[in-house]
Every structure is written in structure tokens, then in C-alpha cells.
Amino acid sequence: MKSRILTSMLFAVGAVGAAQAATEADVDRSFAPYANGVPAVAGVKQGMVIDKSNVESVRAALIPSMAEFIKNGQTTLTVGETYSFAISKNYIEATRRHLNTVSLGPDVGDLNGFVAGRPFPAEPDANDPRAGEKVFWNFQHNNRIGDSYTIWPWYMEYKNMASGKVERTLKQEYHIIQWKHRVDQDPRPDVEPNPSQLLRSGYLKVHEPQDLKNTQLLISRFSDDAKLDEVYLYLGFQRRVRRLASNQITDPFLGSDLMVEDFEGYNGRMRDMKWEYKGTVDILVPFYAHNKQKLADEPKETDGFQFIDFGGEGACFPNVTWQLRKTFIIESVPVNPDHVISKRTHYVDAETYALSLNEIYDRKGELWKTFIIAYTDSDSHMEKNAGRGVAINDGFSIIDVQAKRCTTGKFKVHLDQAMSPTRLFSVQNMRGN
């Protein structure tokens, strides 16, 4: 009897991912990982161009699929300066104020005591079976949108990688609002009223081409991870709103190589995946200063803003410099055995918790897609975004290595609360637009 009670107690402790309490020093290290120096990998030097002639000598600094792209002559990579991205002081202060008030519940997806900031600022512990889950809770609650976030315009191109032909171009707008746990924009900490207890909502509207004009997407995530996301699609030519079933978020989004579940690297519930921490590495990732890049001449913006450019085979690769940065490797495996993928490998930035690189495997366990998300710091972007302490998603490429296709995105991001009013995030707004 005593043995059974002891076993139950030990299981309960393991189930909530018990670990030593985080310290102020852990918070300092979490937000300033380069305080004592930037990462170094043998053979990697700032300014060098990595191509098929030298890629094998620096393979340790590359994710496997990027190493293969370069080895095959499909792209090259230029190494830029590693520097810290400024993070919102309010977000850091919220992390300190609520240190050690957050814990995991017995089931994946249960988070107790979270108010604001980074839930788990301590280094991931390889001996903690729930370390991967904690890293991804930090991603779910990172400061990547700064309470509200608008992309206008967002140009998305569907490309044949082999021929280089652009087969389709979409022009869209995208808005995100954080309903709860806000730290930078009033109202704080929550937007009220919020009777459904939503955590975050995203609203997308297509402006071009004509056959997709006025197509709209509304995604709402609940604060309670046990509730399924509400996803609504409005098709302009049908003039009606329909709710998407949960399995439809893994369908190709508007015919692209992107799934709704892929947005931002992972756009789904915590409990829909099994999370495993695979280690910490120093690797090259697409982080850079936007205003120091060779930018695209087209499309033109009236205020002079220039988008990032793309190059390599099929113009499928962001033409930006890559930094050596401290990175956590997390593997996510779908709980549903009928999911369209077998797993994802996420490369999570240790400073910002942005997912800049993701490798997606098909149901047979073979590499299907590489998802590259390019990030700039807000101080090196548009003047109005300076000082906001947000890692700005500047564009992306998702490459289908099996079909030899890619979808690329060019973003103009505004950290402007007035551009994302609460009225946008409703089914009624979709019908009225």
C-alpha cells in the first residue's frame, strides 16, 4: 500500500514538470544570452559566404535541410553580425514580477498561474521530461506581436522552384490582437469585454487577385487550451461565412504550400502535440537588421519602404544575412495519428522565442517542407516601430522539397494598435466587408 502511494506521488511530481525555482539570474540569462559574448562555431566568420564549396566545413552551424540546399547549389548564405534583439522592457518586467508563479498541470496544455511575461525563463533541462513543453509555452506567450500587429501589405507568391516561374501572387492584409496578458498597449492586462475568454485572434483579408478578392480568414484561440480554435472562412464569390473543421487547418491555405497550422511556425493548441526538447545549439538563423540588407525594388510603397528580396533556386530563399544564435531544438509529434505530418523540428530562438526555422516531415518520416521565417529587430525597421522591443516577422519562405515548389511572403509590419481595432475580429465584420 505504501509502495503504491509513493509511486502515485512520484508520478504526480513528474506530471507537473517539477524543477528548481527560477532565479533573477535565470531571467537575466534568458533575455541577455549574449551578455558575455556571442556564439562561435569553428570556420564560421562574419561576412563569409557559405556555398557548395565550403558548406561541409561549417555543417555544424546549419540545420540539415539548409546544409543540403547549399550543398546542392540551390542557394548560398551570407553570415551577418550576431547582436541582441531589444525586447520590450514591460515584457521583461512582467517576467520578473511573476517569476515562479507559473506551473504545468497534469496534462499537456494545462498552464496554471500565468499572468504575463515569459512563463519559464530558466534554461531547458534535459532531465525534465516536459522541458520541450515549457519552451513552447514560452513561444506561445512570447512578445512577437507586441499586443497588436498588422501586416499591410503582405505579398504572397506561389513559385515553381525548378522553372522559377511565379504562378500566382496574392496581396493581403493580416491583423493580430492579443486579448489577454497584454504588457505594452492599453488596455492592460486584458481587452474587455471578452466573454469567450479568447487569448488571441488573427484576421486576414485578400485584396488581389480578383478571383480571391475579399476572401477572409478569422482565427481565434481560447485562453483554455482544451477548447478547439475557432476558424472561419469567408469566400467572396460565395458571400457566406463557414466555420472550418479542425482537420481543415492542415489543408493548403488558398492553394499555397502553407497550412493554417503552419502560421508563425506553429499555430495550434499545445495539447495537439507531444513536445520533446532535443538540445541547445549555436546555429545560423535568418535574423538581421532590415535596413542593412539589399532590399527588393518591387513592389514599391509610396512611403519608400522596401521589402526583403528572395534569391537562389526559383527565388525561394530570403536574400538576407544570417546570424549565429543560441537556439533550442524542439520536436513536435501530432497526437492524432491521422495528422498529415509525422513531426516537425522547430528551431526556437533562445532570446526572443521566435521560430525562425522549421523542418516538416511527411507521414512516412521523410522531409517534406522547410519553413524559413525571417526576423528583424524593430529598431532596424520602419521608424514608427523603433523602441517597441519586438522581433518583427519580415517575410518567409516555405519550400516543398518533394514537389519542388515554394511559397514566399513579403511583409510590411506595423506595430500600430489603431490599425487592429477590436471590431475586425468578428464574424459580423467578415459579413459586412
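So here's what we get for this one:
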quantity	calculated
Top-ranked residue in the stretch 114-153 [being among the hydrophobic types (A, V, I, L, M, F, W, C) and under 16 Å from the mean Cα position of the chain (by Cα); ranked as nearest to Gly279 (Cα to Cα)]	Val135
Pairs with Cβ under 8 Å, 6+ apart, first in the stretch 271-296 and closer than 15 Å to Tyr375 by Cβ and basic (Lys, Arg), second at pLDDT 95 or above and surrounded by fewer than 20 Cβ atoms within 10 Å (Cβ to Cβ)	Lys292/Ser380
Filter result (of a type in the set (D, E, K, R), touching a strand residue (DSSP E or B) at 6+ places or on another chain (Cβ under 9 Å) and in a loop (DSSP other than H, G, I, E, B)) within the stretch 289-302	Glu301
Unmet criterion (only one of (1) surrounded by fewer than 21 Cβ atoms within 10 Å (Cβ to Cβ); (2) under 24 Å from Arg269 (Cβ atoms)) for Arg344	(1)
Evaluation of Asp251 against (1) within 24 Å of Asp224 (Cα to Cα); (2) touching a Leu at 6+ places or on another chain (Cβ under 9 Å) (one fails), failing number	(1)
Subset of the stretch 114-134 (residues that are buried (at least 21 other Cβ atoms within 10 Å of the Cβ) and more than 30 Å from Glu173 (Cβ to Cβ))	Pro119, Phe120, Pro121, Ala122, Pro124, Arg130, Ala131, Gly132, Glu133, Lys134
Some residue of the stretch 383-390 being within 13 Å of the chain's Cα centre (by Cα), polar (S, T, N, Q) and at pLDDT 95 or above	no
Of all residues in the stretch 224-247 being surrounded by 15 or more Cβ atoms within 10 Å (Cβ to Cβ) and farther than 30 Å from Pro106 by Cα, the one that is modelled with the lowest pLDDT	Gly236
Total residues in the stretch 17-56, condition surrounded by fewer than 13 Cβ atoms within 10 Å (Cβ to Cβ) and either among the β-branched types (Val, Ile, Thr) or more than 15 Å from Val79 (Cα to Cα) (or both)	11
Unique residue being in a loop (DSSP other than H, G, I, E, B) and closer than 21 Å to Trp137 by Cβ when the list is Arg188, Arg200	Arg188
Residue satisfying condition, being buried (at least 17 other Cβ atoms within 10 Å of the Cβ) and farther than 21 Å from Thr408 by Cβ, within set Arg188, Arg221	Arg221
Meets criteria (surrounded by fewer than 22 Cβ atoms within 10 Å (Cβ to Cβ), of a type in the set (Ser, Thr, Tyr), at pLDDT 95 or above and more than 15 Å from Ala32 (Cα to Cα)) for Thr82	no
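To keep it simple, each residue is scored yes or no on (1) touching a His at 6+ places or on another chain (Cβ under 9 Å); (2) part of a helix (DSSP H, G or I); (3) hydrophobic (A, V, I, L, M, F, W, C); (4) without any contact (Cβ under 8 Å) to a residue 24 or more places away in the chain.
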{"position": "Pro119", "(1), (2), (3), (4)": "yes, no, no, yes"}
{"position": "Asn127", "(1), (2), (3), (4)": "no, no, no, yes"}
{"position": "Val135", "(1), (2), (3), (4)": "yes, yes, yes, no"}
{"position": "Asn138", "(1), (2), (3), (4)": "no, yes, no, no"}
{"position": "Gly146", "(1), (2), (3), (4)": "no, no, no, no"}
{"position": "Ile151", "(1), (2), (3), (4)": "yes, no, yes, no"}
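The values are calculated or read from the model by the stated rules, or taken from the named source; none is laboratory data. Small disclaimer: the values here were computed from a predicted structure and weren't measured. Note: ideal-geometry Cβ built from the backbone for every residue, glycine included; neighbour counts use all protein chains shown.
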